[in-house]
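Chemist: First the structure, then my questions, so here it is.
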Amino acid sequence: MTTVSSDLLTAMNGTSGTSSASSSSSLNNNSADAIQNRFLTLLIAQMKNQDPSNPMDNSQLTTQMAQLSTVSGITQLNTTLSTLMGNLNSSQALQSANMIGHSVLAPGNNIQLTSDTTKAADGTETTTQKAVFGVQLDSTASSVIVTVKDSSGAVVRTMDLGSQAAGAVPVIWDGTNDAGTKAADGKYTFTVTASNAGVPVNAAALAFGTVSSVSTASDGSIKLNVSNIGTIKPTDVVQIL
């Protein structure tokens, strides 16, 4: 029957009766140094308490040292990855901050129709309306139809964009409705359908907005706060205008 000494038990538990409080604290965490200290303490205890008639051979010692090297390497790798992720998030935040004040197209179907009044040198004033949005086409389309609706869901304007290439297509609406008069300023929504020679083409609505600020979510990810769209990820931006 093999007798396990108290030295071996304390080594396995990561504690020692003769260790100081600071040493115990170090051994009780999962840092690379603590793992190495526990392993070496356990190895020494094994060697001190081995059977003299059947001592540990070199292959067993080599195997245990290899296991220590693997655990230590994984711990160091995790630490390195954590540092890289922190640096990446900081870099992404700085890059995203450069987008503040820029206008973007991102997934969404909101339209904001606004008026702008300019005054000529002779004192006459001219008022124009404009709303910017976009569509995203997976492939070339021979027909792209945009339907603008008001808050009640009634159709205000149907726009035929004709043939368009694949990708993001910015669209400007001058505020004219299907009756030929000007629609009221405010919020609208739109839908888009597309086809190529009668075959449907996947088309997505893109809303237009201006990046007002950048924030960090609780999980560390970066968010863009965009007018008329809301909070989005930097990867949601389809086009910067």
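Chemist: Evaluate the following for Ala217: is it without any contact (Cβ under 8 Å) to a residue 12 or more places away in the chain and either open to solvent by 50 Å² or more (accessible area, probe 1.4 Å) or under 16 Å from the mean Cα position of the chain (by Cα) (or both)?
Modeler: Yes; evaluated as a whole, the condition is true for this residue.
Chemist: Tell me, yes or no, whether segment 156-167 has at least one residue that is over 28 Å from Asp236 (Cα atoms), of a type outside the set (Val, Ile, Thr) and surrounded by fewer than 19 Cβ atoms within 10 Å (Cβ to Cβ).
Modeler: No, segment 156-167 contains no residue that is over 28 Å from Asp236 (Cα atoms), of a type outside the set (Val, Ile, Thr) and surrounded by fewer than 19 Cβ atoms within 10 Å (Cβ to Cβ).
Chemist: Still on this structure: Answer yes or no as to whether Ala131 is closer than 30 Å to Gln95 by Cβ, open to solvent by 30 Å² or more (accessible area, probe 1.4 Å) and either at pLDDT 95 or above or in contact with a helix residue (DSSP H, G or I) (Cβ under 7 Å, 6 or more places away or on another chain) (or both).
Modeler: Against the criterion (closer than 30 Å to Gln95 by Cβ, open to solvent by 30 Å² or more (accessible area, probe 1.4 Å) and either at pLDDT 95 or above or in contact with a helix residue (DSSP H, G or I) (Cβ under 7 Å, 6 or more places away or on another chain) (or both)), Ala131 does not qualify.
Chemist: Something else: Would you please list the contacts, defined by Cβ atoms under 7 Å and residues six or more apart or on different chains, that run from a residue in segment 167-178 that is over 13 Å from Val144 (Cα atoms) to a residue that is open to solvent by less than 20 Å² (accessible area, probe 1.4 Å) and part of a loop (DSSP other than H, G, I, E, B)?
Modeler: Gly175/Ala183; Asn177/Ala183
Chemist: On to the next question. Is there a residue being within 18 Å of Ser103 (Cα to Cα) and over 31 Å from the mean Cα position of the chain (by Cα) anywhere in segment 166-182?
Modeler: Yes, because at least one residue in segment 166-182 is within 18 Å of Ser103 (Cα to Cα) and over 31 Å from the mean Cα position of the chain (by Cα).
Chemist: Filter segment 144-155 down to residues that are of a type outside the set (A, V, I, L, M) and exposed (fewer than 13 other Cβ atoms within 10 Å of the Cβ) and give me whichever is farthest from Leu206 (Cα to Cα).
Modeler: So the residue we want is Ser152.
Chemist: Among residues belonging to segment 134-143 that are surrounded by 13 or more Cβ atoms within 10 Å (Cβ to Cβ) and closer than 18 Å to Gln239 by Cβ, point out the one that is farthest from the chain's Cα centre (by Cα).
Modeler: Filtering segment 134-143 for residues that are surrounded by 13 or more Cβ atoms within 10 Å (Cβ to Cβ) and closer than 18 Å to Gln239 by Cβ, the one farthest from the chain's Cα centre (by Cα) comes out as Ala141.
Chemist: Being in contact (Cβ under 8 Å) with a residue 24 or more places away in the chain and not in a strand (DSSP E or B) is the filter here; which residues of segment 106-129 pass it?
Modeler: Gly108, Asn109
The values are calculated or read from the model by the stated rules, or taken from the named source; none is laboratory data. This is a predicted model, so every value here is computed, not measured. Cβ: placed from backbone, ideal geometry, glycine included. Neighbour counts: every protein chain shown. Each accessible area value is taken on the protein alone, full model and side chains, heavy atoms only, with ligands, DNA and RNA left out. Shrake-Rupley method; radii C 1.70, N 1.55, O 1.52, S 1.80 Å.
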